[in-house]
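Chemist: Right, I'll just put the structure down here and ask away after.
The values are calculated or read from the model by the stated rules, or taken from the named source; none is laboratory data. Since we're looking at a predicted model, the values are computed, not measured. A quick note on method: Cβ atoms are made from the backbone with ideal geometry, for glycine too, and the neighbour counts reach across all protein chains shown.
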Amino acid sequence: MEEFATLIALVLAGIIVTHESLRVGKCTQIDFLMGASLLYLICYSIVPIFVQTLKDRDLGFWNWIFRLSFNRREYLSASLLSVAGYLAIIAGFYATKYGPVGKTLRDRSANTAWFIPETLKVTIAFFFGLVGIVSLFIYANEVGGFAIMVQSVGFFRNQTEAYSDFGFLIKVAPFASVSSYVFWDVFTSSTGNLRKGLYGIGFWLMFMASLLILYSLGGRVQFGFYLLVFVIYVSFRRRRLPKAYAIIGGICFVAIVLFGKEVISQNVYVSDDLIGSAWEELSTDPLSGIRKILLEFSFPFITLGNILDLVPNELGYRWFVDVPLGFAYLLPKPLLGLTLPPTVTMAYDDYMDVPIPIDLLSFGYTSMGAAGMILVCLAYGFVLCVADCYFPAHGNKTLVLLRAAWLLYLSAQVMYGSPQHALVAGFPLLVGTLVIVLCGRCKMLSNTTGKQVLDGNRYVPA
């Protein structure tokens, strides 16, 4: 079984690499499908081969991946489903791109230019910044102050019961990151020295506040992706990724993966030197760093294999009930006195006895079997295409930053496919984007020859 699973993983890798290679001539920069394909390649092609080298190793927390032997037929089925899932994603993407929806969005992009007055941008930036900062201060006060908040991230993150009626505000505070995007736009677009200085101060305040907030959430992915938004933004603006930015981004990513969990777990209730132990292990066995990075991407494939073992006998089909549940979990449950049924992730964690996220394919399979997985992947391809068509890679700086943020967020859903996780993690970005888009105005492009300058930073051929 292991040999067949490896062969299928290689076939999937060939499909992904060939598909993206054929698109390189048309896509000079990373786009939404490319980002999703890259994560899909790692999670469902590289990982199935990698995990087979881990037999007889003590992986500590990661020993849960050995719950099922890798020669079980469930992993062979998981490999086959991963191929079908990727084909469904690209089918959904291209059906949307060349269908009425894609044509409408392309025509809109070609014939109109989106812009927003500077005063309105500043108002939006201040509003979202105020929401984020106020939420942060209330949350910090609820948990005992900023020192406790910073020193006990892992403790609060692992709580299953509500520890405060206002604990939900830490998930509202990331509106500060949306504020930083808008402040960056007005800072780089402004010509007056005084305004440019004020906008620069606003950006740095929101940037540093966002880092503190995302750290306090304990989510390494959100923290790392927020930094990568600006790296990808630069690649969009310059139509290439400068080597210095690529190196800095790569170093930050590796550091967050290798030491992020130890940093957030090192709190006032833990006396062990977790960071020192991690560094000692890396110094003694340099290959352990590569192992640790790949292990962080292993749970989607391993989860899919375990889901195939549990569903529908141990865990019944959920018939997409997690979609409305995801919206319900946005509500402040302790404040409203709500008791909601468990999500698919909670039900799965109870069986596995470890907190493991549900990936995109597993969410589809738990909802309605193989058919549910195909439906979810088709819908995912549709969303990738709509986002790719709507957010421009060049032009208005706010939209370009939002494109980078949405690219990373939607790509991550390959690994984090639970609606509850997706909606909670993306709530500030979703609401912020809607407000910004609704406050903007579309201007029809004239048919005169030459070039027009729109919003001070976008050249559009007329």
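Chemist: Got a sec? Which of LEU120, LEU105, LEU136, LEU198 is at pLDDT below 85 and either part of a helix (DSSP H, G or I) or touching an Asp or Glu at 6+ places or on another chain (Cβ under 9 Å) (or both)?
Modeler: None of the other options fit; the residue is LEU105.
Chemist: Those residues that are crowded, with 20+ Cβ neighbours inside 10 Å, part of a loop (DSSP other than H, G, I, E, B) and at negative phi, I need them from the range 394-424; list them, please.
Modeler: ASN396, GLN413, VAL414, MET415, TYR416, GLY417, SER418
Chemist: Just checking, does the range 333-350 include any residue being in a loop (DSSP other than H, G, I, E, B), touching a residue at least 12 places away in the same chain (Cβ under 8 Å) and surrounded by fewer than 16 Cβ atoms within 10 Å (Cβ to Cβ)?
Modeler: Step one: list which residues in the range 333-350 are in a loop (DSSP other than H, G, I, E, B), which gives 337-343.
Next, only the ones that are touching a residue at least 12 places away in the same chain (Cβ under 8 Å) stay: 340-341, 343.
After this cut, where a residue has to be surrounded by fewer than 16 Cβ atoms within 10 Å (Cβ to Cβ) as well, the list is 340-341.
Taking every residue of the range 333-350 in turn, at least one turns out to be in a loop (DSSP other than H, G, I, E, B), touching a residue at least 12 places away in the same chain (Cβ under 8 Å) and surrounded by fewer than 16 Cβ atoms within 10 Å (Cβ to Cβ).
Chemist: Looking only at the range 317-332, count how many residues are closer than 25 Å to TYR139 by Cβ and assigned to a loop (DSSP other than H, G, I, E, B). Before you say what the answer is, go through the steps one by one.
Modeler: Step one: filter the range 317-332 for residues closer than 25 Å to TYR139 by Cβ, giving 325-332.
Of the ones still in play, those that are also assigned to a loop (DSSP other than H, G, I, E, B) are 329-332.
The total comes to 4.
Chemist: Mind checking which pairs have a first residue in the range 3-19 that is closer than 13 Å to VAL47 by Cβ and among the hydrophobic types (A, V, I, L, M, F, W, C) and a second that is at pLDDT 95 or above and loosely packed, with under 14 Cβ neighbours inside 10 Å, Cβ under 9 Å, 6 or more apart or different chains?
Modeler: Partner pairs satisfying both residue conditions: none exist.
Chemist: Same structure, new question: Does the range 28-38 contain any residue that is touching a helix residue (DSSP H, G or I) at 6+ places or on another chain (Cβ under 6 Å), among the polar types (S, T, N, Q), at pLDDT 90 or above and in a helix (DSSP H, G or I)?
Modeler: yes
Residue-wise test of (1) touching a Ser or Thr at 6+ places or on another chain (Cβ under 6 Å); (2) assigned to a loop (DSSP other than H, G, I, E, B); (3) crowded, with 19+ Cβ neighbours inside 10 Å; (4) small (Gly, Ala, Ser).
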| residue | (1), (2), (3), (4) |
| --- | --- |
| TYR40 | no, no, yes, no |
| SER45 | no, no, yes, yes |
| LYS55 | no, yes, no, no |
| ASN63 | no, no, no, no |
| PHE70 | no, yes, yes, no |
| SER79 | no, no, yes, yes |
| LEU87 | no, no, no, no |
| THR96 | no, no, yes, no |
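For (1) assigned to a helix (DSSP H, G or I); (2) modelled with pLDDT of 75 or more; (3) crowded, with 17+ Cβ neighbours inside 10 Å, each residue gets a yes or a no:
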| residue | (1), (2), (3) |
| --- | --- |
| MET208 | yes, yes, no |
| LEU227 | yes, yes, yes |
| ILE232 | yes, yes, yes |
| GLY250 | yes, yes, no |
| ASN267 | no, no, yes |
| VAL270 | no, no, no |
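Chemist: Just to be sure, is ILE148 surrounded by fewer than 19 Cβ atoms within 10 Å (Cβ to Cβ) and assigned to a helix (DSSP H, G or I)? Spell out how you get there, then give the answer.
Modeler: Numbers: surrounded by fewer than 19 Cβ atoms within 10 Å (Cβ to Cβ): yes; assigned to a helix (DSSP H, G or I): yes.
Against the criterion (surrounded by fewer than 19 Cβ atoms within 10 Å (Cβ to Cβ) and assigned to a helix (DSSP H, G or I)), ILE148 qualifies.
Chemist: Within the range 375-390, take every residue that is buried (at least 22 other Cβ atoms within 10 Å of the Cβ) and aliphatic (A, V, I, L, M) and give me the one that is nearest to the chain's Cα centre (by Cα).
Modeler: Checking each candidate, the answer is LEU384.
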